[in-house]
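Asker: First the structure, which I've put down as structure tokens, then a few questions once you've had a look.
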Amino acid sequence: MTTELRMPADVGRYTIARSFEVTARSITAFAGGVDDFNPVYFEDDRPEGLVAHPGMVFSWQWNSRFTPDFEWDLNIVRRGVHAWVDIQFERHAREGDVITSQGQSVAVKQVRPGVLSAQRFTFRDSRGDTVAIMDTGGITRGAQLDGDEAELVSAPALPTRSTDNGGPVWSTTFPIDPQAPHVYTECADIWNPIHTERKVALAAGLPDLILHGSANIIIALREVINRCLDGDPTRVRRFAGQFRGMVIPGTDVSVTATEVRDEGDREVIFYEMHNHEGELAIANGVVIAS
């Protein structure tokens, strides 16, 4: 007999707020952790200074996700899977900025696999101006919602592909280094032992170590920026994607642009990532750029 896992409808609660100094060291380390050697992240003698890697929002979010006034059931935590992310930029952080990150639980809903929950993280500079907003969510598998469904706020609708017919605009395949999870863990300051300790991964039912979902989507974004945006990350206004299959270190992945659409005032790139078995690792990816 199994005990039903009840998940509280805890909408509205804020996470702890944390501030992060954006330094040359943090920018170069993060970019190096995803093999993104774009000069704007490394040439620290540039008169305008370094541009913060867009993916650094994941580091700030991860390290401000705690709710010290509320202790979650470990069974709920262990059954959670990251499902999607959607990030909008008001501007891009730069060397010398101080970014404060805080999240809020904004939605819960009962779905067939379990309970879907969503959080919104807001990243502000030292003047209090919004730099970026991350909407993200996951599913607690096998859980039942203890309370009413609720939604305080949601991200604006994303654009959709024009058609599913026709071949890709471009596609590239490359290997993921065996040590990639360890390097990303330390460079991004995002630690979860399923990515770096094989015995923990196997105990969790995984086939091996897996690369972080955030690393997967950042690697895909790297290819989009370099191939579609002339290597200029400051053109990115929004990027999103859904986390699906696992990427095993030491295997190949493929990133594909399925459509690139010029809408006059913006460019919209639809992309996806497949793992070495041809399974989708990132689905329904979208980048909106100026």
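Every number in this text was worked out from the coordinates using simple rules, so none of it is lab data. Everything numeric here is computed off the predicted structure, so don't read it as measured data. We place every Cβ from the backbone using ideal geometry, glycine too, and count neighbours over all the protein chains shown.
Asker: Of the GluC sites (Glu not before Pro) in segment 1-48, which ones lie in a loop per DSSP and count no more than 10 other C-beta atoms within 10 Å?
Answerer: Those that pass, being in a loop and sparsely packed, are Glu4, Glu48.
Asker: I want the local charge near His82. Using Cβ-Cβ distances under 14 Å, sum +1 for each Lys or Arg and -1 for each Asp or Glu among the other residues.
Answerer: +3
Asker: For segment 48-118, take the alpha-carbon Rg, divide it by the Kirkwood Rh, and send me Rg/Rh.
Answerer: A ratio of 1.04.
Asker: In units of 2.2 N^0.38 Å, what is the alpha-carbon radius of gyration of segment 103-153?
Answerer: Ratio of Cα Rg to 2.2 N^0.38 Å: 1.39.
Asker: Applying the Karplus parametrisation 6.51 cos²θ - 1.76 cosθ + 1.60 with θ = phi - 60° to the phi angles of segment 68-80, what ³J(HN,Hα) value in whole Hz is obtained for each residue in order, glycine and proline being reported as x?
Answerer: Values per residue, Gly and Pro as x: x, 8, 9, 9, 7, 4, 4, 5, 5, 4, 5, 8, x Hz.
Asker: Looking at the calculated P(r) for segment 161-290, what percent of the C-alpha pair distances fall above 26 Å?
Answerer: 24 percent
Asker: Could you order the peptides 151-162, 222-233 from most to least packed, using the average number of other C-beta atoms within 10 Å per residue?
Answerer: Listed from highest to lowest mean packing, they are 222-233, 151-162.
Asker: Please work out how much length the chain gains when fully extended from Trp170 to Trp191, using 0.36 nm per residue of separation minus the C-alpha to C-alpha distance, in nm with one decimal.
Answerer: 4.3 nm
Asker: Related question: Relative to the compact globular guide of 2.2 N^0.38 Å, what is the alpha carbon radius of gyration of segment 212-262, as a ratio?
Answerer: Normalised by 2.2 N^0.38 Å, the Cα Rg of segment 212-262 equals 1.21.
Asker: Something else now. Determine how many Å³ per residue the convex hull of the Cα atoms of segment 224-288 encloses.
Answerer: So the per-residue hull volume is 87 Å³.
Asker: Given R₀ = 30 Å, FRET efficiency for Asp45-Ser162 by Cβ-Cβ distance, to 0.05?
Answerer: Computed FRET efficiency for Asp45 and Ser162 comes out at 0.10.
Asker: Using only the Cα atoms, work out Rg/Rh for segment 124-233, with Rh taken as the Kirkwood radius, to two decimals.
Answerer: Across segment 124-233, the Cα-based Rg/Rh ratio is 1.02.
Asker: Rank by packing, highest mean first: peptides 75-84, 91-100, with packing defined as the count of other Cβ atoms within 10 Å averaged across residues.
Answerer: Descending mean neighbour count gives 91-100, 75-84.
Asker: Now for a separate question. If you average over every viewing direction, what projected area does the convex hull of the Cα atoms of segment 1-150 give, in nm²?
Answerer: Averaged projected hull area, Cα only: 10.4 nm².
Asker: Then there's this: For the chain, take the convex hull of the Cα atoms, compute a quarter of its surface area, and give me that in nm², please.
Answerer: 16.3 nm²
Asker: How much length would be gained if the chain were fully extended between Arg78 and Ser19, taking 0.36 nm per residue of separation minus their Cα-Cα distance, in nm to one decimal?
Answerer: 18.5 nm
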